[in-house]
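The structure appears right after this line, and notes come after that.
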Amino acid sequence: MSKRETLKSIALATMIVVGFMAQSKTAHAENLQTLTVAGGCFWCVEADFEKVRGVKEAVSGFTGGTVPNPSYKQVTSGGTGHYEAVQITFDADVVSRRTLLDLFFRSIDPTDAGGQFCDRGEGYRSAIFTSTAAEEKIATAAKTKAAADLGLTIVTPILGASEFYPADAYHQDYYKGRQLVITRFGPKRQASAYTAYREACGRDARVKELWGNDAPFVNS
C-alpha cells in the first residue's frame, strides 16, 4: 500500500470513529428525561435528588397553579394554586423513573394533605406530575407499592403536568450556597442555614418515623 493510500485509510478510519462517537453522544442525549415532583420545601427535594446517581440536575421551581411566572412570595402567600416543586433531569440508562418515584415517596410524608413537616399550606403539598399515560401508569404503580409498604392511605395526588417555572437563582442549590443570610438562628451561610432549617422542620425525623430503614435520604 502506498503512503497516500495509507493516509487515506487512516483518515477514513478516523472519520468512522468520530462519527460513531457523535452518534453515541446523540443516542445518550435521547435518554435524558424529566420528572417533576412536589415534596414540600424544594430546597430539600433538590438536595436529596441531586445525590442520586444518574440525576443530572434538579431545579427548584413552581408548577400546578394559575398565575404565570409566579414569584416565591406569591406562592408562599397562597392563592396561586402552585406547588413548590422540583424538576429532575435524569439519565434513564442509569436510573429509572420508577426508582426515582420509589425514592420520592420514601423521602416525604405522603399521608399529609396539608403540607409537609413544618411547612403548611397549598404551596407545600406533595404531588407527582405526569405528561403521558405511560408516566401516569408508572407513578400509579409506585404509589400503590408505597401504600402497601407503609400500610397507610397515601394522599399524594398524581396530576397532569402544567408549565414549570424555575425559581430565582437565590433558591437554586440553596443547600450548598455560600451567601450570607439572616435567619431565625442568626446570620449563617446558606448551607448552614439549610441544615438548621431541615433539622428544625423535623423532616428527617418524621420520614424516619414513617419509613424506618427504607428512608433513603435521612441525615444524608
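The values are calculated or read from the model by the stated rules, or taken from the named source; none is laboratory data. Everything quoted here is computed from the prediction, not taken from an experiment. When we count neighbours, we look across all protein chains shown, and the Cβ atoms used for this are built from the backbone with ideal geometry, even at glycine.
Conditions tested, residue by residue: (1) within 17 Å of the chain's Cα centre (by Cα); (2) farther than 26 Å from Arg189 by Cα; (3) aromatic (Phe, Trp, Tyr); (4) modelled with pLDDT of 95 or more.
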position	(1), (2), (3), (4)
Arg97	yes, yes, no, yes
Leu100	yes, yes, no, yes
Phe104	yes, yes, yes, yes
Asp109	yes, yes, no, yes
Cys118	no, no, no, yes
Ala127	yes, yes, no, yes
Lys145	no, yes, no, yes
Gly160	yes, yes, no, yes
Ala167	yes, no, no, yes
Yes/no for Leu150 being over 19 Å from the mean Cα position of the chain (by Cα), at pLDDT 95 or above, under 26 Å from Asp109 (Cα atoms) and surrounded by 14 or more Cβ atoms within 10 Å (Cβ to Cβ): yes
Qualifying residue in region 178-193 (condition: touching a residue at least 40 places away in the same chain (Cβ under 8 Å) and either in a loop (DSSP other than H, G, I, E, B) or surrounded by fewer than 16 Cβ atoms within 10 Å (Cβ to Cβ) (or both)): no
Check on Gly123, touching an Asp or Glu at 6+ places or on another chain (Cβ under 7 Å) and either among the acidic types (Asp, Glu) or at pLDDT 95 or above (or both): yes
Which numbered condition Glu199 fails, given (1) closer than 16 Å to Ala47 by Cβ; (2) free of Cβ contacts under 8 Å to residues at least 40 places away in the same chain; (3) touching a helix residue (DSSP H, G or I) at 6+ places or on another chain (Cβ under 6 Å): (3)
Region 102-142: number of residues that are farther than 21 Å from Pro70 by Cα, touching a residue at least 24 places away in the same chain (Cβ under 8 Å) and in a helix (DSSP H, G or I): 9
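A quick yes/no check of all residues on (1) within 24 Å of Asp112 (Cα to Cα); (2) under 17 Å from the mean Cα position of the chain (by Cα); (3) surrounded by 14 or more Cβ atoms within 10 Å (Cβ to Cβ):
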{"position": "Thr34", "(1), (2), (3)": "no, yes, yes"}
{"position": "Val45", "(1), (2), (3)": "yes, yes, yes"}
{"position": "Thr63", "(1), (2), (3)": "yes, yes, yes"}
{"position": "Tyr72", "(1), (2), (3)": "yes, no, yes"}
{"position": "Ser77", "(1), (2), (3)": "yes, no, no"}
Selection within region 47-61 - over 9 Å from the mean Cα position of the chain (by Cα), buried (at least 16 other Cβ atoms within 10 Å of the Cβ) and either within 23 Å of Arg206 (Cβ to Cβ) or of a type in the set (Phe, Trp, Tyr) (or both): Val52
Criterion (at pLDDT 95 or above, of a type in the set (S, T, N, Q) and over 22 Å from Asn219 (Cβ atoms)) met by exactly one of Thr76, Thr80: Thr80
Residue match in region 174-184 (condition: hydroxyl-bearing (Ser, Thr, Tyr), touching a strand residue (DSSP E or B) at 6+ places or on another chain (Cβ under 9 Å) and within 28 Å of Asn69 (Cβ to Cβ)): yes
Residue under evaluation Ala205, criteria (1) buried (at least 17 other Cβ atoms within 10 Å of the Cβ); (2) in a helix (DSSP H, G or I); (3) not acidic (Asp, Glu), criterion not met: (1)
